[in-house]
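S.K.: Handing you a structure now.
Values quoted throughout were computed directly from the atomic coordinates according to the rules given, and no laboratory measurement underlies them. As the structure is a computational prediction, the values presented were derived from the model and not from experiment. We place every Cβ from the backbone using ideal geometry, glycine too, and count neighbours over all the protein chains shown.
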Amino acid sequence: MGTFKPATKVFILCLFFISSSGFLNINQNLIINCEASDFPETVINVFWNITYEMPNADTAKSIARSNTAGYAIAGFTNSTGNDDQDILFMRIAPDGTYLWNRTFGDVNEDKGYQVIAYQAGGYVIASTYENVSALHNNTDFLVTRLAENGAVLWNISYSGPNQDHVSSFIGDLGRSIAECTNGDLVCAGVSSGVDISDVWLFRLAPDGTLLWENTFHNRDIERCFAPDSVVECQDGGFAVLGYTYSAATSNDVWLIKTDSNGNEIWNQTYGDDAGYQRPEALVECSDGGFGIIANTHSFGAGGADAWIIRTDSLGNQIWNQTYGGSLEEGGGYILEMPDGGFTIAGSTHSFDVGNGDAWLVRTNGTGTIIWNHTVGDPYGNGACAFVYEGNNTYVVAGSTHRVGESFGEIWLFKARVEVVPTTPTPSTTETNSLPGFLSIVGILALTTVIIRFHKRKLYYYER
């Protein structure tokens, strides 16, 4: 494990004004140059942003580009009249127009975590399904295959392999899914384990037949707890991201590499023995290494910070960098860009217009910030994932809060980051914050779509 260095600390001056477009803009047209940099100054232009209004709390966890047109969102909802959450799947047109939704579940708590567009057509969703006949603590990993029109082609619940832990503290949890080059599916989540829980990896045929499964244990508690935590690698094996915990070492980020049959080749941990680290997403890089976005309380400017770890193909750390200010920041999604840098999406409280904003950060190949921008309103916003459309254009999924309400709603916006044609006077004040160029866009008026649910009782097959 390498030596960790905190991010460069500088102060960002923010100027507030109301634009004629109805947006509250902070540094939208005046980008403060916080430190000497060779990168051009940028501004974020929001083309559209839409909230999808439902009666109660709703959460987006994942977004995918449809094979036809537009986008698919997976998450969970409290708006169907059940006592707990239901799995939510939404189809959105290219301009953000709501098309239709499907919900799945019963009176128990069921949550969708990741959706992928299946290359043969339709979609696949990874969920956690509360099931009284589940082997471990009443929850299973549920995989649902949908046709393009939302019809259920198959859905199967899977219980973990450790049959001797039927009274475990934690059940089997679905979190992440990816399509293999041959059309198989690889799934990652949590299963009852040797102590409390293990990271769980399994592979399915296109019809949902289980091909193999494996669990991975390191210390006391191991979990794969986020969408976008498993990838098929260039060599045909897999990489899965999780965390490993013990009372002596707290939480460390944990990366496991397997062969094509799920047999472990190597594993690496990242962190220290004193703090808390939570992994959020994984991407394999073009050189065979990996980019990890995590959140850390151990390093950085204060509170929680977003944390990128860049490794080689064996998991050895090449560099790491934290991003944030004195308050709470978090990263939830990461994508390698064509130049070898990264874009991450998450939320910030240090650079927001009130109660948190969605946050996009773009780095070069060594972790230096090229730009970072926030989008939000005074009531609280965050980003969970995005689809990159090319030409510095992003479609970002997240959450926002309705005025006067404590619960969140699903939120989608499309934005492009563009180079500012003129160069503002740089600021030279340096104290305690985030490097790079910061632009904050506060949205006062959101387009709202009222959703009527199409509820479907979920019939599942147990493995």
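S.K.: Would you list 210, 173 from fewest to most Cβ contacts within 10 Å? Intermediate values should be presented prior to the final figure.
M.R.: On the way: 210 14, 173 26.
Fewest-to-most Cβ neighbours within 10 Å comes out as 210, 173.
S.K.: Arrange the following residues from fewest to most other Cβ atoms within 10 Å of their Cβ: 282, 335, 185, 211. Don't jump to the answer; show the numbers that get you there.
M.R.: On the way: 282 27, 335 19, 185 22, 211 13.
Placing the least packed residue first, the sequence is 211, 335, 185, 282.
S.K.: Now for a different question. Relative contact order of region 234-384: what whole-number percent is it, with Cα pairs under 8 angstrom and at least 6 residues apart?
M.R.: On the way: 429 pairs, mean separation 20.8, N = 151.
Contact order relative to length: 14 percent.
S.K.: Taking square-rooted eigenvalues a ≥ b ≥ c of the alpha carbon gyration tensor, is region 193-343 rounded, prolate or oblate, where a/c under 1.5 means rounded and, failing that, a/b exceeding b/c means prolate? Can you show the working numbers first?
M.R.: Values: a/c = 1.98, a/b = 1.29, b/c = 1.54.
Oblate is the answer for region 193-343, as a/c is 1.5 or above yet b/c matches or exceeds a/b.
S.K.: So, one more: Would you mind ranking 129, 123, 118 by Cβ crowding within 10 Å, fewest neighbours first? Don't skip to the answer; put the middle values down first.
M.R.: Values: 129 30, 123 23, 118 20.
Exposure proxy ranking, most exposed first: 118, 123, 129.
S.K.: If I model a spin label at residue 69 and residue 56 as a point 7 Å from the Cα along the Cα→Cβ vector, what separation in nanometres do I get?
M.R.: Distance between label points: 3.6 nm.
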